[in-house]
Amino acid sequence: MEAQEHKVGEPYSGRNKVPNIQEFMARLDSEKKERDAAIDQDLKRNKKAGEARDHANESRPSKRDTRTVRDPVTGKDVDIRDVKLDYKEAVENPQLSIPNENLGKKATIATSSKQSGEEYRYAQDVTAPPDPVQEGSTSDVPIRSEKTSVLFYKTPSVSYEPMFEYLEVRGNILCAAIFFAIIFIGRFFGGRLLGLIALSTCISSGVYLWVKELIRQGRDHEWLSEQERGETATTNLIPESVEWMNTMIGIVWGLINPEMFAGVADTLEDVMAASVPGIIEAVRVADINQGNNPIRILNMRALPDSHVQDIKDENRKKQEQEMDPEELAANEQAGDFYNMEVSVAYHAKPSGQDVASKARNMGMQLVFYLGVKGLFGVPLPIWVELIGLVATARVRVQLTPDPPFIKTVTFTLMGIPKVQAGCTPMIERGVNILNLPLISNFVNWAISTTASMYVAPKSMTLDMSKMLQGDDIKKETDALGVIFIRIHKAVGLSKQDQRGSKGGGSDPYITVSWSKFGKPQFCTRVIQDNLNPVFEETCGLLVTSDLIKADEQLSMELWDSDRSSADDVVGKVELSIQKLIQHPGKMFPQVSHLRGVGAESTMPGELHWEVGFFGKTQFRKALRTSGRDLNLPNELKDKPELQENKGAVESQEEDAVVHTPPDPLWPSGILSIVVHQIVGLELANIKGTSGKRQGKEYEPARPEAGPVKEEQAKSLPSSYCTILLNDDLIYKTRVKTVSSQPIFNAGTERFIRDWRSAIVTVAVRDSRNRQHDPIIGVVPLKLSDILQTASESTRWYPLDGGIGFGRIRISLLFRSCELRLPPPQLGWDIGTFEFLSDEITVSNYQPSQKAKLRLRTGGSSATVKRHYMTKTDEGAKFDIASSGEDGKRIRLPVRHRYRSPIFMEFQPSGRRSPDAFAALWLLELVDREEKEFDLPLFRVDNSVRLSQSYITQENYKEIPDLDIEEIGRVRFRGRFSPGTDSDHIRFVSDNDSRETIEAWEACYAEGVRKEEVQTEVPPIIQKLHDESLTQGRDVLAQADEKQKQKWLAKDGTDWTGAFGTNPSALMAKEGGPGQDSEEYDNFEEEDYENSDDDDDDDDNPDLGLQDADHDGDSRRSEATSGDQQSTASQRTDGTDVSKKSHGPISAYRDYRGRSRDLHRKHRGLMQWRPMRNAQFAKDEAKYALRKIKTLGALDGRQPDVETEV
């Protein structure tokens, strides 16, 4: 699918994956052989002089047509004349004068290697333009560009290619003869066949490699003679010579900083890492060096616009998606274009067997880690020497009158370049293993795959103006908007299983996907044994331009989950995205009859659902700020070097992004997260200082203190990043092997329900074998704290809370959508339900024996034992004030809040199953809102349906095939607290949930995360927002008082439908005086910035000191204050330490209280590798056992964690 092709210049993501060799080979043009054959046939006709025409000298100009002038370059008098030429013919049909000898035609005079230097010079002179040339010596040939055409002049040297081919054939025969001779002679003298085969293989392979190396050195010397001929060509009259440019490149080549090739090395490493075979655990590009042997330009020529029409069309398509029509027109008229075609070649100079001599040529150092992924990897350093390269590229340069006079450069390769590389082990004298299939094919295909990303019709456009300003900041999301879906229920589905109760026989679930792509983007829960499931689930899918261009269909597929076989399709419904986006800002209820897999087939059943498209909102000028960092003190806030880098701002839309914060009126929208790179990445020394200090009294205790001294070393981590959105793992980057400065440039875009409470956590981990990947550091980012004055932020953040150090560069971009969700739908999917009342009261239900109460939800469960039940006049009550663990109130961690209920089961003593049930669906709750709940208590014949289908007081009578009656009421007080807390630790079930808990613990222990998540609007945004609502030019100006109160309410009022069913119309401008002149709104930043007290004593200023007596950061103290205490954050102050017992039992208890914090940082027992290996084995065994227990469980097709590999 087109949406899955790699987009050059954009960050890696799940939609823009790292290309790999296998996909590249699969995508090779199926018509390549036919096209090449046609071109070769044309060249053969050319060699037979089919298109060549004898060159005719121009008529000698008369004396009156010429004039004598002084040449300002040479200082001599020259005769010049005005050109009289058909320009159109010269441009549309360019021709080249080629010696007849090169075309296989008879020539009256020709160059030869047997001629003396003067004879050779004369032969070149009379057979080369300008006219006159020797009659019958030269022909005019049309210029070809798809393949290398004939040379202007033959090289005055002998070609050894026939000898090389002969030597290669004889070498192969010799190797075969050696192989069989050793076996025959050895067997004749009584040798063992197995040993003789091994011996003969080694000797014949050695001879084969020696012959190959001999041939390569011969070709190197032959190329060197050609290069020397070209370097002397500046003294001859070769037409359109580019040797002057090759001379300049040779001078500049050694001055180029190798860091300029870092991007190429990074891309090549990504391709190889995504393509490595099973015997290679990892691969990295340790170094890249251009050497002192420069690349050579074979020829250059300028091209008219008609020759680069494909590039123009491709650029215009891209710009039409990214720019509005006015901006596109202005961009096209911003400057002139220059087009040219360049052919380049490279060949290594002859070198010795040692790596030092090979380093004079272009090459790079690779490190292959041989072994098994996840178990072990033995490093094998290899020097890859670039032996040969031939490529042709077309370049389109847009020029502007403003410095640096170049706006954009677009280039495309005219076919996959011919690349040949040799591989040598990094030893004193290495054998060239180029011809060994594994390494040579892998490296050469990896280089070709990387180059294929730029082969026509694909191209790459570089904004030189932005590059010179260092702008890689994303200011617009790839997504154009959001498709929001509400899945209500399915009715009358077909029975798929032989077994099943009344109204059952199928275990349905629904996936939401794109019809052509196929991969599920969202999946509901499985509702067991039910032909009329009630889901009541919602999701938001991002719509990109690729989906619209591909004419994708939104596909709603119903599946039947099976335990032992593949799931069956129950039916599906499809909807055109192109038609849906033409009606934005409104939800469309649908009752869709299911159809089968075939185009004309139908299936029983109906799907009740809603769908709508919501585009991105416009920025409100009333919220515009200066864009400055409000956290800086007054003395520093005006210094530009301390302000956040906004990059190049080239449009009004980009200017609004960097000066306007997110809008409180539109809390839902699209969040883009990009991890750029990490610098100074290293691991902390967990072994401690040396105890023996004799002779080291005055040396630092920690020699590793200070900046990182190496970019690559064995002690450096192999890092990767994980991105958590609202404590849910959504993205994993690729692993960057053994580097202190890894470059990722990877990220993702996601729909978020409420930016005011959203938290992004980026965790950097070290990829290790046979142990859990430890956290190097974490960065928690609360959007309401980061995006206070702009909707985009790109900053450097320190890594903290792990086993290492470093600084990471992260970009965040948020764009609101015209979607207004009710308050219960604005919450987190992960959190904890808290019972706040002391008891659960049940009315009209009093079993004869005491009953136990079982509480369960998605991810956890709890039980209130029978002795906590007390009978009352109205029914019964259960004491839950001290029935939880450690005598605390009951708290139930929830992993999937919007698809889970709090399900209550009452089981009297003496009964084998519960006889009464109640369900509280968490999707109805508002985050952090305490509420008194009064739930119906049901008696039902099928409790599974009650616990899985959305059955409430309002709809339980409408559920078919279910015998249900209300027998009482259940009352208690509680609330839903969003976010991870310490209670989630007990319910870790796999590595993903373990890593999520570890990331939260690291943030909480460092004081940068509170245990409870708050929905907050920054004061500056709230002030601007409140002021805008009273102004006559904003969206509430035309609203009546009742509607205005709905928007202004902060008590959780449902905003749905406050302005009808078309919220997109709210942002339209209203005509009126003063509106067109609206520019900037003034605001007092000083109200929200740190201000100093004028009366402060200069001798005792506030330095932000934090020790046992001072707390210099009030925000940190707030972050660490909470009702619940994490196991990772339990601390004791100094006064308690002096009083407590130092016995072994108290020491053990103290260690247990701090163990998770210590183990996460590889302290305590985890500082020793065998203990980490044992912990890894224990956890893996536990997770494997849990998988075995749930092997037969019904499950849907949940989307995997997104990655760019």
| query | Identify, please: which residue in the range 587-605 is open to solvent by less than 80 Å² (accessible area, probe 1.4 Å) and in contact with a Ser or Thr (Cβ under 8 Å, 6 or more places away or on another chain) and is, among those, nearest to Ser545 (Cα to Cα)? | reply | Met587
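Can you name every one of the helices (runs of 4 or more DSSP H) wholly within the range 932-1033 that holds 2 or more residues which are touching a helix residue (DSSP H, G or I) at 6+ places or on another chain (Cβ under 8 Å)? Don't jump to the end; show me each part of the working.
Values: elements: 943-948, 991-1005, 1019-1029.
Of the helices (runs of 4 or more DSSP H) lying wholly inside the range 932-1033, those with at least 2 residues that are touching a helix residue (DSSP H, G or I) at 6+ places or on another chain (Cβ under 8 Å) span 991-1005, 1019-1029.
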| said: Any residue in the range 383-398 that is in the same structural domain as Asn299 (by the TED database) and over 16 Å from Gly422 (Cα atoms) sitting within a Cβ distance under 7 Å of a residue that is assigned to a strand (DSSP E or B) and hydroxyl-bearing (Ser, Thr, Tyr)? List the pairs, counting only those 6 or more apart or interchain. | reply: Thr392/Ser343; Ala393/Thr412; Arg394/Thr412; Arg396/Thr410; Val397/Tyr338; Gln398/Thr408
| said: As an exercise: evaluate Glu610 against (1) assigned by the TED database to the domain that holds Gly571; (2) more than 26 Å from Arg815 (Cα to Cα) and give the number of the one condition it does not meet. | reply: (2)
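Residues checked against (1) surrounded by fewer than 19 Cβ atoms within 10 Å (Cβ to Cβ); (2) free of Cβ contacts under 8 Å to residues at least 60 places away in the same chain; (3) in contact with a Leu (Cβ under 8 Å, 6 or more places away or on another chain):
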| site | (1), (2), (3) |
| --- | --- |
| Pro914 | yes, no, no |
| Val940 | no, yes, yes |
| Glu965 | yes, yes, no |
| Arg973 | yes, no, yes |
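Which one is nearest to Glu610 (Cα to Cα), of the residues in the range 828-837 that are open to solvent by 10 Å² or more (accessible area, probe 1.4 Å) and more than 26 Å from the chain's Cα centre (by Cα)? If you could, list the steps in order and put the result at the bottom.
Within the range 828-837, the first condition is being open to solvent by 10 Å² or more (accessible area, probe 1.4 Å), and the residues that meet it are 829, 834, 836-837.
From the residues that got through so far, the ones that are more than 26 Å from the chain's Cα centre (by Cα) too are 834, 836-837.
Values: Glu834: 32, Leu836: 36, Ser837: 37 Å.
So, considering only residues that are open to solvent by 10 Å² or more (accessible area, probe 1.4 Å) and more than 26 Å from the chain's Cα centre (by Cα), the one nearest to Glu610 (Cα to Cα) is Glu834.
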| said: With the requirement that a residue be open to solvent by less than 10 Å² (accessible area, probe 1.4 Å) and either closer than 26 Å to Asp663 by Cα or hydroxyl-bearing (Ser, Thr, Tyr) (or both), what does the range 975-1003 give you? | reply: Phe976, Ser977, Pro978, Gly979, Thr980, Thr996
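Residues checked against (1) among the basic types (Lys, Arg); (2) under 27 Å from Gly481 (Cβ atoms):
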residue: Ile810; (1), (2): no, yes
residue: Glu818; (1), (2): no, yes
residue: Glu839; (1), (2): no, no
residue: Lys852; (1), (2): yes, no
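For every residue, the table says whether it meets (1) modelled with pLDDT of 85 or more; (2) crowded, with 17+ Cβ neighbours inside 10 Å; (3) of a type in the set (S, T, N, Q).
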| position | (1), (2), (3) |
| --- | --- |
| Ile185 | yes, no, no |
| Trp223 | no, yes, no |
| Glu240 | no, no, no |
| Trp244 | no, no, no |
| task | Kindly provide the set of residues from the range 918-933 that are open to solvent by 10 Å² or more (accessible area, probe 1.4 Å), hydrophobic (A, V, I, L, M, F, W, C) and out of contact with any Gly (no Cβ under 8 Å at 6 or more places or on another chain), ordered by number. | result | Ala919, Leu923
| message | Restricting to the range 861-912, name every residue that is surrounded by 15 or more Cβ atoms within 10 Å (Cβ to Cβ), among the polar types (S, T, N, Q) and farther than 30 Å from Thr538 by Cα. | response | Thr863, Ser883, Gln907
| query | Based on what the data block shows, is Pro960 assigned by the TED database to the domain that holds Asn726 and open to solvent by 50 Å² or more (accessible area, probe 1.4 Å)? | reply | no
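Please find, within the range 719-766, the residue that is surrounded by the most Cβ atoms within 10 Å (Cβ to Cβ) out of those that are in a strand (DSSP E or B) and polar (S, T, N, Q).
Looking only at the range 719-766, we keep the residues that are in a strand (DSSP E or B), and these are 719-725, 728-732, 736, 743-752, 759-766.
Now drop any that are not polar (S, T, N, Q), which leaves 719, 722, 745, 748, 761.
Numbers: Ser719: 27, Thr722: 24, Asn745: 20, Thr748: 25, Thr761: 25.
Here the residue is Ser719.
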| field | Filtered residue count, the range 135-158, keeping only those that are at pLDDT 65 or above and either under 15 Å from Leu103 (Cβ atoms) or within 50 Å of the chain's Cα centre (by Cα) (or both) | value | 7
| message | Condition check: modelled with pLDDT under 85, within 16 Å of the chain's Cα centre (by Cα) and either over 30 Å from Gln521 (Cα atoms) or not polar (S, T, N, Q) (or both). Does Val735 satisfy that? | response | yes
| Restricting attention to the range 785-822, and to residues there that are of a type outside the set (Phe, Trp, Tyr) and without any contact (Cβ under 8 Å) to a residue 40 or more places away in the chain, which single residue is most open to solvent (accessible area, probe 1.4 Å)? | Pro798
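The values are calculated or read from the model by the stated rules, or taken from the named source; none is laboratory data. Quick caveat: nothing in here was measured; it's all calculated off a predicted structure. So basically every Cβ, Gly included, is an ideal-geometry build from the backbone, and we count neighbours across all protein chains shown. To get the accessible areas, we keep the full protein, side chains included, count just its heavy atoms, and leave off ligands, DNA and RNA. Shrake-Rupley method; radii C 1.70, N 1.55, O 1.52, S 1.80 Å.
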